[in-house]
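Remarks on the structure that follows.
The values are calculated or read from the model by the stated rules, or taken from the named source; none is laboratory data. Small disclaimer: the values here were computed from a predicted structure and weren't measured. When we count neighbours, we look across all protein chains shown, and the Cβ atoms used for this are built from the backbone with ideal geometry, even at glycine. Surface accessibility is based on the protein's heavy atoms, side chains included, excluding ligands, DNA and RNA. Shrake-Rupley method; radii C 1.70, N 1.55, O 1.52, S 1.80 Å.
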Amino acid sequence: MQLRQLPVLLSLPVAILSFVVFPEAEVFQAHAEDLSLALTLPVTKYVEFIEAVSPDQSIQITRLSPTHVRAAEDVEDSDDQPLPVVIWHGLGDSADNKGLKEVAELIDETHPGTYTYIISAVGSAGSADRQASFFGNVTEQLDYVCHALAEDNILKTAPAIDAIGFSQGGQFMRGYVERCGGWAPKVRSLITFGSQHNGIAEFQKCKSSTDWVCQGANALLKSSTVWSDFVQSRLVPAQYYRDTGDYENYLNHSNFLADINNERKVKNATYAKNIAALEKFVMVVFDKDRTVIPKESGWFAEVNLTSDSVTPLKDRPIYKEDWIGLRKLDEKGGLDFLSLAGEHMHFSEKDLKALFGRYFGPAGRKFEGPVGEEEWKLEL
Ligand SMILES: *[C@@H]1O[C@H](CO)[C@@H](O)[C@H](O)[C@H]1NC(C)=O
Ligand SMILES: *[C@@H]1O[C@H](CO)[C@@H](O)[C@H](O)[C@H]1NC(C)=O
Ligand SMILES: *[C@@H]1O[C@H](CO)[C@@H](O)[C@H](O)[C@H]1NC(C)=O
Ligand SMILES: *[C@@H]1O[C@H](CO)[C@@H](O)[C@H](O)[C@H]1NC(C)=O
């Protein structure tokens, strides 16, 4: 972008500015607050800001503050050293969110000395990371994440890592296991919270009419078909949209989910091998989730929204024919279906600590078998 355009831009209202600066649909990205902030910056800083939120910026990994980090020497050769934990956040969130740091602190309280690593977007503003949760090609984002984790000094030397995926971060973390499990840091326990493993049938509504990033995403969707390459390569939720009433188009065009769920005729055996190599895959569903439609997607169930009937994972071909290794994992006691009471992403510290205690910790630890119904609600 050229400097001399700035005086004109600076005189425009924020909403229009976002169009002018980012003429393409995918870049409604900057949050109004961030743009207002940008307007107060000196010109050079402003250009840096714009570059930071530019769409070609690939997503990057940031790690938590040093209080959570142990020196690499301490990590090696220690039997009771907890495995590092990697966290992938959800749609509309960013890695500098206070809530994610609190989660990391809870992990550290449960297993002191745990190295936590939050997957985030690059840039001086948190908005770049938030933008990447709405816009981008998930395959490319995932590829970047695989390399970034593989290059981290602590993760790459740890015997394995544990992982958390919140909401859409859950299916992306699973994609990480499937696609990069053979060469990037190997995941032991994966916990997903309110994720969309079997896709969504509806898009999330924006929480506010001035949330330009979210409104921009929805505008992009309305302006063209969800199955166009244009949308599939740019709009993140479109890449896990799954319409059973339009299944052929989904199979033909889904940029992400149809592939990692091995739903197409040609299956990738590596995906199944990598999921089966997990020790624990824990799928947590929120019983009153009204954000994820249908919420049962978090347990890989299929819901017919017309008849309201639910087909559980174990009655579906993806499990019976073991397309992605879930059956094999289940047969060795590694697949847990849990539910928490409440709305999407409403959890208590107590629940989180119980989960971290149960599934994370030192490399050599033993795990209990599948959870019993008396302990966690299990029925669909
Ligand atoms: C299967 O997935 C792996 C990991 O992403 C990839 O390296 C390989 O090329 C894929 N195989 C096929 C046949 O697509
Ligand atoms: C997304 O990126 C991958 C890797 O660059 C590419 O192969 C694929 O075609 C892209 N998807 C779309 C819909 O353009
Ligand atoms: C999906 O792709 C197949 C093979 O290219 C084609 O025959 C079929 O018509 C496509 N389906 C739709 C709904 O576009
Ligand atoms: C969903 O249920 C309706 C009503 O029972 C049925 O007509 C329809 O074929 C079902 N859809 C799918 C994809 O199975």
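Condition first: buried (at least 21 other Cβ atoms within 10 Å of the Cβ) and not aromatic (Phe, Trp, Tyr). Now tell me which residues in the stretch 278-294 satisfy that.
LEU278, LYS280, VAL282, MET283, VAL284, VAL285, ASP289, VAL292, listed by residue number.
Examine the stretch 215-224 for a residue that is open to solvent by 60 Å² or more (accessible area, probe 1.4 Å) and either closer than 26 Å to THR306 by Cβ or hydrophobic (A, V, I, L, M, F, W, C) (or both), and state whether such a residue exists.
yes
Residue under question is VAL284, and the condition is that it be touching a Gly at 6+ places or on another chain (Cβ under 9 Å) and away from ligand 1 (no atom under 16 Å from the Cβ); does it hold?
Here the answer is yes, as VAL284 does meet what is asked.
Return the residues of the stretch 59-111 that are of a type in the set (Gly, Ala, Ser) and either at pLDDT below 90 or farther than 21 Å from PRO185 by Cβ (or both); say none if nothing qualifies.
Scanning the stretch 59-111 gives SER65, ALA71, ALA72, SER78, GLY90, GLY92, SER94, ALA95, GLY99.
Could you list all residues from the stretch 315-367 that are in contact with a Leu (Cβ under 8 Å, 6 or more places away or on another chain), without any contact (Cβ under 8 Å) to a residue 40 or more places away in the chain and open to solvent by less than 30 Å² (accessible area, probe 1.4 Å)?
The answer is TYR319, and nothing else.
List the pairs whose first member sits in the stretch 132-158 and is closer than 13 Å to LEU235 by Cα, whose second member is of a type in the set (Asp, Glu), and whose Cβ atoms are under 9 Å apart, counting only residues at least 6 apart or on separate chains?
SER133/ASP93; PHE134/GLU26; PHE135/GLU26; GLY136/GLU26; THR139/ASP259
For residues that are buried (at least 19 other Cβ atoms within 10 Å of the Cβ) and within 16 Å of ligand 1 (Cβ to nearest atom), tally how many sit in the stretch 141-180.
Going through the stretch 141-180 one residue at a time, the tally reaches 14.
Among the listed residues SER228, SER254, SER224, identify the single one that is within 16 Å of ligand 1 (Cβ to nearest atom) and not assigned by TED's automatic domain parsing to the domain that holds PHE300.
Matching residue, one of SER228, SER254, SER224: SER254.
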